[in-house]
Amino acid sequence: MASLSSLTKPISQTSCTSLKPVDDSPKSLLVQRNLSFTGRGFGLFGPVVIKGSRLGLSIVVKNSSIPSQPLVEATQIADVPLLSCSEAIERLRISQESYKGKEQYLAMYSSIYGGITVDPAAMVIPVDDHMVHRGHGVFDTAAIMDGHLYELDQHLDRIIRSATMAKINLPFNRESIRRILIQTVSASKCQKGSLRYWLSAGPGDFQLSPSGCRKSSLFAIVIQAQSPPNHQKGVKVVTSSIPIKPPQFAIMKSVNYLPNVLSKMEAEENGGYAAIWLDNEGYVAEGPNMNVAFVNKDKELLMPHFDKILSGCTARRVLVLAEGLVKEGKLSGMRVGNVTVEEGKRADEMMLIGSGVLVRSVVQWDEQIIGDGKEGPVSQALLNLIVEDMKSGPDTVRVPVPY
């Protein structure tokens, strides 16, 4: 959601920060400080050079691990306007309308105001909600396909398990939460997209303990992608150097996703799509927001077990659908257990599995080409099975939305 600190100045009445990039390197850093002195100091990222001027302070931050060069200069804000509620909301609306991202937000439910809105400017979360400033929240996602929610009940069961592990009380009973989620999708009119929802310890204060929170919160938002992802094309992955979460937190779908974000960024910086985590014993674990599977040379489907990683709803559904490929002779069998890196890199096929990627072929892991370097037939068959299941699967995985 938008925040007031990220708003651009509407038209020309208000002072705002002026940024002048002096280095467009991907390692550029921007630090703003409201300082009242000049000279040199040492900041979190290394030496900080502060230059005085009539208009304010210009701060150049240099990372000691990067060759000595200025990264970004920022001119100090001279004046900050005091906004009324209506002015702040209007700026939120302008900010939303001026930024054309890859996603549209069609509807949001908030237990804070006890209803659904279709105005993106009103899709906000209280800053004192403990999910915001302490990360005390859990979330989950369900795909919307042809006016149906795919595996809603499976994902709902998982978020409730996550909330229990995070010691977050449910604001409503399960059936009420389910009804709210369906009604939010109905209000959005979205036929194809995704529903993401959160359970939080709730707003109340900025303390560490949630004892001061008034009540736990439920938020839900309907997201529609502007352009559908390409699930067909094979991708490269790298081995993550970012430490994997301990099992206690890895099996819980919490909002603490900084390791996941850094892992994804590491992959992109190395020309990859995702980074693969290894567990504390060196076995293959998972990706930043997807499970991973392999087809070995004996045509056996291999998948890491779920005792140290997130139990992926899509991955578990793939295991059910893959039974059909075993009957057809396209697979010799399936095994969920420890998978070594050597096994993975020697496999005929490797794939990423999740509600976002569905089933995506991996054609290269680090410097190792997987199989013949092309999208594998089993990966493609499993992708087709998942898509077909989303469109015409049984009632146990497809919940109709009454528009």
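The values are calculated or read from the model by the stated rules, or taken from the named source; none is laboratory data. Because the structure is predicted, anything quoted here is derived from the model rather than measured. Quick reminder, even Gly has a Cβ in these numbers, built from the backbone with ideal geometry, and neighbours come from all protein chains shown. Ligands, DNA and RNA are excluded from the accessible area calculation, which covers all protein heavy atoms including side chains. Shrake-Rupley method; radii C 1.70, N 1.55, O 1.52, S 1.80 Å.
Only residues that are without any contact (Cβ under 8 Å) to a residue 40 or more places away in the chain and closer than 12 Å to ILE242 by Cβ: list them for the range 267-281, please.
ALA267, ALA275, TRP277
Name the single residue that is most open to solvent (accessible area, probe 1.4 Å) among those in the range 315-345 being farther than 12 Å from LEU382 by Cα and among the β-branched types (Val, Ile, Thr).
Per the criteria, the residue is VAL336.
Out of SER86, SER110, which single residue is of a type in the set (S, T, N, Q) and open to solvent by less than 40 Å² (accessible area, probe 1.4 Å)?
SER110
Within the group ILE353, ILE309, which residue is buried (at least 23 other Cβ atoms within 10 Å of the Cβ) and closer than 23 Å to PHE249 by Cα?
None of the others qualify; the one that does is ILE353.
Looking at ALA225, ALA285 in this structure, which one is at pLDDT below 95 and either within 30 Å of LYS192 (Cβ to Cβ) or crowded, with 20+ Cβ neighbours inside 10 Å (or both)?
On inspection, the qualifying residue turns out to be ALA225.
Restricting the first residue to the range 337-350 and requiring it to be among the polar types (S, T, N, Q), which pairs with a second residue that is in a loop (DSSP other than H, G, I, E, B) meet a Cβ separation below 9 Å and a spacing of at least six or different chains?
If the second residue must be in a loop (DSSP other than H, G, I, E, B), the pairs left are ASN338/ASP279; ASN338/GLU281; ASN338/TYR283; ASN338/HIS305; THR340/GLY282; THR340/TYR283.
If you scan the range 92-107, which residues turn out to be open to solvent by 40 Å² or more (accessible area, probe 1.4 Å), part of a helix (DSSP H, G or I) and either touching a residue at least 60 places away in the same chain (Cβ under 8 Å) or of a type in the set (Phe, Trp, Tyr) (or both)?
Hits for the range 92-107 are ILE94, GLN96, SER98.
Which residues, counting only those in the range 228-260, are within 30 Å of GLU342 (Cβ to Cβ), of a type in the set (Gly, Ala, Ser) and crowded, with 18+ Cβ neighbours inside 10 Å?
Passing the criteria: GLY234, SER240, ALA250.
Only strands (runs of 3 or more DSSP E) wholly contained in the range 313-378 count here; list those with 3 or more residues that are out of contact with any helix residue (DSSP H, G or I) (no Cβ under 8 Å at 6 or more places or on another chain) and assigned by the TED database to the domain that holds TRP277.
358-365
How about the range 382-392: which of its residues are surrounded by fewer than 18 Cβ atoms within 10 Å (Cβ to Cβ) and touching a residue at least 12 places away in the same chain (Cβ under 8 Å)?
If the condition is that a residue be surrounded by fewer than 18 Cβ atoms within 10 Å (Cβ to Cβ) and touching a residue at least 12 places away in the same chain (Cβ under 8 Å), then VAL387, LYS391 are the ones that fit.
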